[in-house]
Each structure stands twice: as C-alpha cells, then as structure tokens.
1. Return the calculated 222 nm mean residue ellipticity for the chain, to the nearest 500 deg cm²/dmol, obtained by summing -39500 (n - 2.57) across DSSP H runs with n ≥ 4 and dividing by the residue count.
2. State the percent of C-alpha pairs, over all pairs in region 88-139, separated by a distance greater than 18 angstrom.
3. Quick check on the exposure proxy: order 136, 82 from fewest to most C-beta atoms within 10 angstrom.
4. At q = 0.18 Å⁻¹, what log₁₀ I(q)/I(0) does the chain have when each alpha carbon counts as one equal point scatterer in the Debye sum?
5. Counting each pair of different Cα atoms once, what's the Kirkwood radius of region 45-106 in Å, rounded to one decimal?
6. Assuming R0 = 25 Å, can you tell me the calculated FRET efficiency for the pair residue 59 and residue 109, based on Cβ-Cβ distance, to the nearest 0.05?
7. Quick one: which of 102-113, 68-79, 36-47 comes out on top by average Cβ neighbours within 10 Å, and what's the full order, highest first?
8. On average over all directions, what projected area in square nanometres does region 25-76 have, based on the convex hull of its Cα atoms?
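What follows draws every value from the coordinates through simple rules; no lab data is involved. It should be emphasised that the depicted structure is a prediction, and the values quoted were computed from it without experimental measurement. With ideal geometry, Cβ positions are generated from the backbone for all residues, glycine too; neighbour counts draw on all protein chains shown.
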Amino acid sequence: MKIGVLALQGDFAEHIAMLKRLGAEGVEVRLPKHLEGLQGLIIPGGESTTIGKLAVAYDLMEPLRAFAKDHAVWGTCAGAIFLSKDARREQPLLKVMDITVQRNAFGAQVDSFEADLDIAELKQATDTTHPYHAVFIRAPIIESVGGDARILSALPDGRIVAAQEGHLLATSFHPELTNDARFHKYFLSLAS
Ligand code: GLN
C-alpha cells in the first residue's frame with residue numbers, strides 16, 4: 001500500500017516510520033503531483049497555520065480537496081484542524097470534514113498530557129481489548145461534529161478528541177508518537 005504523508009511542516013517522518021512498520025510505503029507529499037497513485041493521505045501534527053499557508057503557496061489546496069473526495073485522509077492534531085470546516089479563526093482550511101475545532105484547547109505546551117482512551121471501533125478493527133494511550137500536545141478539541149461525521153472518542157468530561165466521516169479521520173492526539181500502531185492500522189483499513 002502507498003500512503004502519502006503531507007510533508008510541508010510537522011512530524012511527518014514519524015508517520016512514515018509507523019507506516020513502514022506496518023508494511024506500507026509512506027510517501028512524502030509536497031507538490032500536487034506527489035498525490036498520484038496514493039491510496040490515502042496523512043496530514044501530520046505541527047502548526048496548522050503554517051501547514052495551511054504552505055499548502056496555499058504550493059497550490060495544494062484544490063488537489064488536496066479533490067483527493068479527499070474519494071480517498072482516505074487522516075489528520076492528526078494540526079492535521080485535524082486543517083481538515084475541519086471551521087477553526088474559529090482566519091486561516092487556510094481544507095473544510096472537507098464536518099467538524100468544528102478549537103485550537104490549543106488544553107492550554108500551552110506545558111499543559112500537554114497523556115490519557116487512556118476507550119475506542120470501540122479501534123479495538124474491534126484490531127481485535128484487541130486494551131485502551132489506547134493517547135498523547136496530546138497543544139491539542140485542539142473537536143467542539144462539534146455535523147452531517148455524517150461521528151464521534152470516535154471523547155475524554156471522560158465529554159470533550160471530543162477523535163471523529164470520523166466516511167473515509168475521513170481526525171484525531172486531536174498523536175498516534176505517530178507512541179508505540180501503538182493500532183490507529184495507523186485502522187487508517188490503512190479505511191484506505192484499502
Ligand atoms: N497547536 C497546534 C495548532 O493549532 C497543533 C499542535 C500539534 O499539532 N501538536 O495548529
């Protein structure tokens with residue numbers, strides 16, 4: 001399987017390493033032509049404003065929107081913000097996923113945290129029972145999901161941290177920074 005990782009800014013190398021671990025090929029995407037022949041795309045964490053500005057500069061906005069129509073796309077943290085239809089401030093967004101996000105919802109870098117999540121779909125898809133240990137770094141929350149988007153996971157206080165809309169996936173946290181490959185496995189199942 002050939003999966004692209006948007007490599008404009010952020011921790012794309014960690015996603016590529018995880019894909020390799022699962023036997024998939026991770027391809028760095030910097031230009032529209034790099035999307036050719038891919039079965040899915042991951043948009044990494046980093047700084048969503050920077051990713052958006054660079055995507056505009058490299059004429060990637062429309063090609064990415066077209067790709068997302070009929071391919072699996074997964075945004076982690078800043079990537080989830082970039083996929084959203086609304087981030088409550090002016091910045092370039094793909095607006096392909098019916099989620100509204102709030103950036104830096106948990107505070108500053110020092111307020112980064114980890115949490116165990118129970119994600120039924122993930123356990124089912126990977127035939128496992130243990131919780132998913134998630135890493136949050138200046139993470140957004142998904143304030144609301146609309147249309148066909150549904151909640152995949154929320155914190156005990158109800159704040160949404162993962163959502164899915166058909167073949168589109170958004171997570172507030174960073175599965176590429178853990179040893180647990182189940183989320184990448186789940187994404188590969190959406191892409192295949
Ligand atoms: N705070 C960043 C943003 O708003 C996201 C942080 C991350 O991707 N770890 O874009």
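1. Working: 6 runs with 53 residues, N = 192.
After summing the helix terms and dividing by the residues of the chain, the value is -7500 deg cm²/dmol.
2. Working: 736 of 1326 pairs.
Tail fraction, whole percent: 56.
3. Numbers: 136 21, 82 31.
Final ranking by Cβ density, sparse to dense: 136, 82.
4. Log10 of I(q)/I(0), two decimals: -1.22.
5. Numbers: mean 1/r = 0.0863 Å⁻¹.
By the Kirkwood definition, the hydrodynamic radius is 11.6 Å.
6. Working from the Cβ atoms, E equals 0.20.
7. Values: 102-113: 13.2, 68-79: 23.4, 36-47: 21.1.
Per-residue mean Cβ counts within 10 Å order the peptides as 68-79, 36-47, 102-113.
8. On the way: hull surface 14.0 nm².
Seen from a random direction, the Cα hull of region 25-76 projects 3.5 nm² on average.
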